[in-house]
Amino acid sequence: MKAAVLHGKEDVRVEDIEPPALKPGEARLRIEAALTCGTDLKVFKRGYHAKMIVPPAVFGHELAGIVSEVSDAGRAGQAGEWQLGDRAVVANSAPCGQCYHCRAGQENICDDLQFLNGAYAEFIVVPARIVRKNMLRLKPETSFRDAALVEPLACVVQGVEDSKLRPGQHVLVLGAGPIGLMFVVLAKQLGCEVTVAGRRAARLEVARRVGADHVIDIGDGHTLVTKIREASKAHFDAVIEAVGVPEVWEASVHLVRKGGTVNFFGGCPAGTTVTLDTTVIHYSDLTLLASFHHTPRTIRRALEFIEKGVIRAAEFVDGECPLSRLPQLFQSMTAGNRVVKTLVNVRG
C-alpha cells in the first residue's frame with residue numbers, strides 16, 4: 001500500500017509498504033479522510049516526537065475511514081464488536097487506565113499513552129487498546145471529512161473545560177489557526193463573547209464567519225499587548241494562547257483581567273522558556289494553566305459536536321492534496337502555507 005513515511009528532519013517520503021498483519025484485537029481501516037495538523041508540521045520540522053513518533057515511521061494522525069478487516073483472534077473481544085464496512089473515526093492515542101494519572105481522572109497525561117500514526121496512507125492498523133477505548137462508530141450521515149476533526153476538537157474540548165468557560169464571559173483567543181478557530185466556535189456555543197487576535201486576512205475572515213464578535217489584526221506580532229489594548233477596551237475574563245510562541249505566552253498574562261484565567265494551550269518548541277511578571281500574576285490573582293491532549297470522554301464529546309453540526313469541515317478544511325504530493329505540501333507549510341487545514345487524498 002502507499003503510505004507517507006517520516007525518515008527524519010523535513011524528510012517524509014511516499015512509499016510502497018507491506019501492510020502489517022493484524023494482532024489480536026486489532027482492526028484495519030481503509031482511510032477515507034486524512035487531515036493535516038500543526039502537530040504533524042512540528043514533527044516534520046523536528047524530524048521526530050519523543051512520545052508520539054520515532055522515524056522511520058508512518059505519519060499523520062487525523063483520520064476517519066471504513067473497517068476493512070478485524071482480527072480473527074480478537075473477534076470475541078473488542079475487535080469482534082466491529083464488522084466489515086463499519087464507518088469509524090479513530091483517536092490518535094488511548095490511555096492505559098491503570099497508572100496514577102488514569103486513576104486520578106487525568107487520562108490525557110497517562111504515563112503509558114499509546115499513540116497511533118499512519119493517517120497519510122491507504123490503510124491503517126488500529127491497535128487493540130485504541131480499538132477498545134477510542135475507535136468510535138460514525139452515523140451514516142456523518143461525513144468522513146467532518147469526523148476526521150474529532151482529535152483536534154477533543155483537545156479543544158479539554159481546553160474549554162479546563163478553563164471553566166461559562167456564559168457571559170469575554171474570551172480572548174490568541175491565534176486564528178484551526179485550534180484557535182475551534183475555541184471560537186465552542187466558546188460561542190457556551191454563550192461567551194469572543195475576540196480573536198491574529199494575522200492573515202483569510203484566517204481572520206474565517207474567525208468572523210464561525211462567530212467571533214471582534215477580530216484584531218496584530219500585523220507583524222510586535223507590541224502585541226499594546227495593539228490588542230488599543231483595539232479593544234474589554235476586560236478579558238479568559239485568554240486562550242493558541243499560537244505556541246513563548247513571547248505570546250508572556251503577553252497573555254498582561255491581557256487578562258484581575259482574577260482571570262490564562263490557558264497556555266499552544267505548545268512551544270522544545271527547550272524554550274518564558275519569563276512571567278510575578279507581580280502581575282500574584283497581585284492580580286491570576287489562574288494559569290496549560291491544557292494537553294484529550295481523554296476518551298472528550299473524544300466522544302467532540303464527536304457529539306460534529307454530529308450536531310456545531311463543527312463542520314467546511315469551515316476548517318480549505319485545501320486538498322494528493323498523497324503523492326504530501327512531501328511538497330509539508331515543505332509549503334514550512335514556508336508559511338496559508339490554508340487552515342488540508343485534506344489529503346490518500347489514493348491520489
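The values are calculated or read from the model by the stated rules, or taken from the named source; none is laboratory data. Bear in mind the structure is a predicted one, so any value in this text is a computation, not a measurement. As a convention, Cβ positions derive from the backbone with ideal geometry for all residues, glycine included, and neighbour counts pool all protein chains shown.
Here are the numbers for this structure:
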quantity	calculated
Candidate set from segment 1-25 (those that are among the basic types (Lys, Arg) and assigned to a strand (DSSP E or B)); member that is farthest from residue 118 (Cα to Cα)	13
Selection within segment 322-332 - in contact (Cβ under 8 Å) with a residue 60 or more places away in the chain and surrounded by fewer than 19 Cβ atoms within 10 Å (Cβ to Cβ)	324, 327, 331
Those residues of segment 233-243 which are at pLDDT 95 or above and assigned to a loop (DSSP other than H, G, I, E, B), in sequence order	242, 243
Residues that are exposed (fewer than 10 other Cβ atoms within 10 Å of the Cβ) and either touching a Pro at 6+ places or on another chain (Cβ under 6 Å) or not in a helix (DSSP H, G or I) (or both), drawn from segment 272-284	273, 275
Of the criteria (1) outside any strand (DSSP E or B); (2) in the same structural domain as residue 105 (by TED's automatic domain parsing), which one residue 269 fails	(2)
Filtered residue count, segment 1-22, keeping only those that are charged (D, E, K, R), under 30 Å from residue 146 (Cβ atoms) and in contact (Cβ under 8 Å) with a residue 24 or more places away in the chain	2
Matching residues, segment 269-299, being in contact with a helix residue (DSSP H, G or I) (Cβ under 9 Å, 6 or more places away or on another chain) and modelled with pLDDT under 95	269, 270
Answer from 229, 200 - the residue that is touching a residue at least 12 places away in the same chain (Cβ under 8 Å) and under 23 Å from the mean Cα position of the chain (by Cα)	200
Selection within segment 26-40 - modelled with pLDDT under 95 and either assigned to a strand (DSSP E or B) or out of contact with any His (no Cβ under 8 Å at 6 or more places or on another chain) (or both)	38
Boolean, residue 215 is modelled with pLDDT of 95 or more, closer than 17 Å to residue 158 by Cα, in a strand (DSSP E or B) and in contact with a strand residue (DSSP E or B) (Cβ under 7 Å, 6 or more places away or on another chain)	no
Residue tally, condition among the acidic types (Asp, Glu), touching a Cys at 6+ places or on another chain (Cβ under 9 Å) and touching a residue at least 24 places away in the same chain (Cβ under 8 Å), over segment 89-133	1
Only one of 239, 194, 243 that is of a type outside the set (Ser, Thr, Tyr), surrounded by 15 or more Cβ atoms within 10 Å (Cβ to Cβ), in contact with a Leu (Cβ under 7 Å, 6 or more places away or on another chain) and closer than 25 Å to residue 339 by Cβ	243
Of the criteria (1) within 21 Å of the chain's Cα centre (by Cα); (2) more than 26 Å from residue 142 (Cβ to Cβ); (3) aliphatic (A, V, I, L, M), which one residue 17 fails	(1)
Yes/no for residue 304 being within 26 Å of residue 15 (Cα to Cα) and surrounded by fewer than 16 Cβ atoms within 10 Å (Cβ to Cβ)	no
Scan of segment 134-145 for residues that are in contact (Cβ under 8 Å) with a residue 60 or more places away in the chain and surrounded by fewer than 24 Cβ atoms within 10 Å (Cβ to Cβ), ordered by number	136, 138, 139, 142, 143, 144, 145
Of the criteria (1) under 17 Å from residue 173 (Cβ atoms); (2) exposed (fewer than 14 other Cβ atoms within 10 Å of the Cβ), which one residue 260 fails	(2)
Qualifying residue in segment 74-97 (condition: under 21 Å from the mean Cα position of the chain (by Cα), farther than 13 Å from residue 34 by Cα, surrounded by 21 or more Cβ atoms within 10 Å (Cβ to Cβ) and of a type in the set (Ser, Thr, Tyr))	yes
Tally, over segment 228-257, of residues that are under 17 Å from residue 170 (Cβ atoms) and among the aromatic types (Phe, Trp, Tyr)	1
